[in-house]
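K.L.:
A single structure is presented below for examination.
The values are calculated or read from the model by the stated rules, or taken from the named source; none is laboratory data. Everything quoted here is computed from the prediction, not taken from an experiment. All Cβ positions, even for glycine, are placed from backbone atoms using ideal geometry, and neighbour counts span all protein chains on display.
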Amino acid sequence: MKPLVLIDTPALYYRAFYSVPDSIVNDDKMPVNAVRGVLDAIATMIRRLGSDRVVATMDADWRPEFRVAIMPEYKAARVRDEEAGTEIPDLLAAQLPLLRRMLTAAGIPIAEVDGTEADDVIATMAAQSRTPVVIVSPDRDLLALLDAERDVSVLRPRKGGEWEAITAADLPQMYGVADGTRYRELAALRGDPSDGLPGAPGIGEKTAATLLANFGSLEAIIRAAKAGVKTGGLSPKRAQTLIEHEDALHATVQVMSCLTDLDHGIDLDAIPHRFDRRAVEEAARGQNIARSAGALLDALVEARPTAAGPATLAAPAVPSVSAPLPWSQCRLVGFDLETTGVDPATARIVTAAFVESAQQMRTWLADPGIEIPESARAVHGITTEYAAANGLPAAEVVAELCAVLAELKAEGGVLVGHNIVYDLSVLAAEVGRHHPRLDLAAVLPAVVDTYVLDRQVEPRRRGKRTLTQTAIRWNVALLDAHDAAADALAALEIARALALSSADIAGLTGTEIMAAQGTWKRAQAEDLQSWLRRNRDPLAVVDASWPMAVDVRIDTDHHNL
């Protein structure tokens, strides 16, 4: 059976509210950024997990009385209105009725229980579920619910649009603790000022992990401290701190423990519920969320192609909001080549890579059939002898690369690269050289060039726009520059970061982003050409080709470099 996907909705709508631009407004000029962000995240989860068994959990009380009774300072710093006891900004609170309406219309049950937080509902459902459970939340406290026996895992968003999957088996390496229970005790020792949880002064995460590894539990640590043990990370000063804060630590563990016996009123075995396309469309009208609503409906249909039945999937009486997905929500694949030179007409492929993540990639080593110049070898490290002895014939590599592109196009995916015009121009020349009857343009999917997008998003930024410098600007790790796979992965992560920085660009479809980049590239080329002619070379010419050189003159002389 498909996994039960439990959405920590408050955590996601806060994250979206503060990360998605508030310039995204409805017809009444009110922000809808949080609604968009949550709908997009849920659509992504349904596609990623292949499951429409989704529940949106909510805070019926974000600061429950039973937790405040244990620890009065719990979340006290977040209270914005003492009388109402609320922490929700007005512009976010105004979006929640629309979010609820959209979720209900989409057949996604909303689960909340008076006097409790979403965490308690999640913990209860995880304990009750007879199928694997995936908790979707950026809240690290929910890692305490990880359970190998019950197959409970957590998906949390990371920078650049990535999602990190965490299971109980990951806890020892990530945090140095054995299981979810020990993680909760580590969190209690570490504390969390944003939630008003004091922790033990002077004891950070690493020290807490060391103590738990050496003594086994918080209770055992405190017993050892009281017994005067001075090993295993227990210095006299640290032991005294733990003794002095024993009651607060136990209270923190109690506050952080989730309820698991709530009556939430939802039959988990009856999920998924049917969605109402017309109700979704009606709720989305005038709200500037049509793309997100369409993406969610499409994801639901894909996850249950026959379950919805004729009544649900029948053509609606009003225009459908289901539209082509924005490129940023499509399957993104990074692409890079390392070659024998810098002229696309004469350069030959040495290595190639298609990358979806650090764990999902395909790479090729080609025998280019020509001498690899020392200047090229110094860049990527591949010698002529090594390529000849270990590489596939160039014609075979080119054919396989084109087959991957055709498959990506058929799936509606998007090809991502940095200054990808060069790579595609090289590939076009190689196609003409080895497979002259093949039309590369015919198999090419939508293309996103992070070089063009970066210049469009920050046109006045000083400095170079190389992959290395662009990666630094967008906080993307590039561990091995000029390795095809590393460069492709960096371009992919830069594209995601750029999408997060510009909702307007992120919201364009594949067709729209292709057309826009052609326009931007021409303008950027004209701007650079004008600057060069004024300052360096009055005859300078900057190529404005997009997405590859229009006329790559193919040099078939294997020795003419």
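K.L.:
Can you tell me which residue among Gly228, Gly233 is small (Gly, Ala, Ser), surrounded by 21 or more Cβ atoms within 10 Å (Cβ to Cβ) and not assigned by TED's automatic domain parsing to the domain that holds Arg63?
P.N.:
One residue alone meets the criteria, Gly233.
Yes/no matrix, rows are residues, columns are (1) part of a helix (DSSP H, G or I); (2) touching a Leu at 6+ places or on another chain (Cβ under 9 Å); (3) at pLDDT below 95; (4) within 23 Å of Arg465 (Cβ to Cβ):
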site	(1), (2), (3), (4)
Arg377	yes, no, yes, no
Ile382	no, yes, yes, no
Tyr386	yes, yes, yes, no
Glu396	yes, no, yes, no
Val404	yes, no, yes, no
Lys409	yes, yes, yes, no
Arg437	no, no, yes, no
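K.L.:
May I pose another question? Can you tell me which residues in the stretch 333-355 are under 13 Å from Ser375 (Cα atoms) and aliphatic (A, V, I, L, M)?
P.N.:
Within the stretch 333-355, Val342, Ala347 qualify.
K.L.:
Take Ala525 and tell me if it is under 25 Å from Ala352 (Cα atoms) and either in the same structural domain as Val416 (by TED's automatic domain parsing) or touching a residue at least 12 places away in the same chain (Cβ under 8 Å) (or both).
P.N.:
no
K.L.:
Next up: Within the group Ala525, Ala481, Ala491, which residue is under 26 Å from the mean Cα position of the chain (by Cα) and modelled with pLDDT under 90?
P.N.:
Only one candidate qualifies: Ala481.
K.L.:
I would also like to ask the following. Taking the stretch 277-297 as the search range and keeping residues that are small (Gly, Ala, Ser) and surrounded by fewer than 21 Cβ atoms within 10 Å (Cβ to Cβ), which one is farthest from Thr44 (Cα to Cα)?
P.N.:
Gly286
K.L.:
Further question on the same structure: Of all residues in the stretch 68-116 being acidic (Asp, Glu) and over 27 Å from Met30 (Cβ atoms), which is modelled with the highest pLDDT?
P.N.:
That would be Asp114.
K.L.:
When the stretch 140-194 is examined, which residues are found to be assigned to a helix (DSSP H, G or I) and more than 22 Å from Ser217 (Cβ to Cβ)?
P.N.:
Scanning the stretch 140-194 gives Lys159, Gly160, Gly161, Pro193, Ser194.
K.L.:
Residues that are in contact with a helix residue (DSSP H, G or I) (Cβ under 7 Å, 6 or more places away or on another chain), within 13 Å of Leu6 (Cα to Cα), of a type in the set (D, E, K, R) and touching a residue at least 24 places away in the same chain (Cβ under 8 Å): does the stretch 116-137 have at least one?
P.N.:
So far as the stretch 116-137 goes, yes, one or more of its residues are in contact with a helix residue (DSSP H, G or I) (Cβ under 7 Å, 6 or more places away or on another chain), within 13 Å of Leu6 (Cα to Cα), of a type in the set (D, E, K, R) and touching a residue at least 24 places away in the same chain (Cβ under 8 Å).
K.L.:
How many residues are assigned to a loop (DSSP other than H, G, I, E, B) and under 18 Å from the mean Cα position of the chain (by Cα) when one looks only at the stretch 319-372?
P.N.:
Within the stretch 319-372, residues that are assigned to a loop (DSSP other than H, G, I, E, B) and under 18 Å from the mean Cα position of the chain (by Cα) number 8.
K.L.:
If we scan the stretch 386-404, do we find a residue that is of a type outside the set (Lys, Arg), out of contact with any Pro (no Cβ under 9 Å at 6 or more places or on another chain) and on the phi > 0 side of the Ramachandran plot?
P.N.:
The answer is no; no qualifying residue exists.
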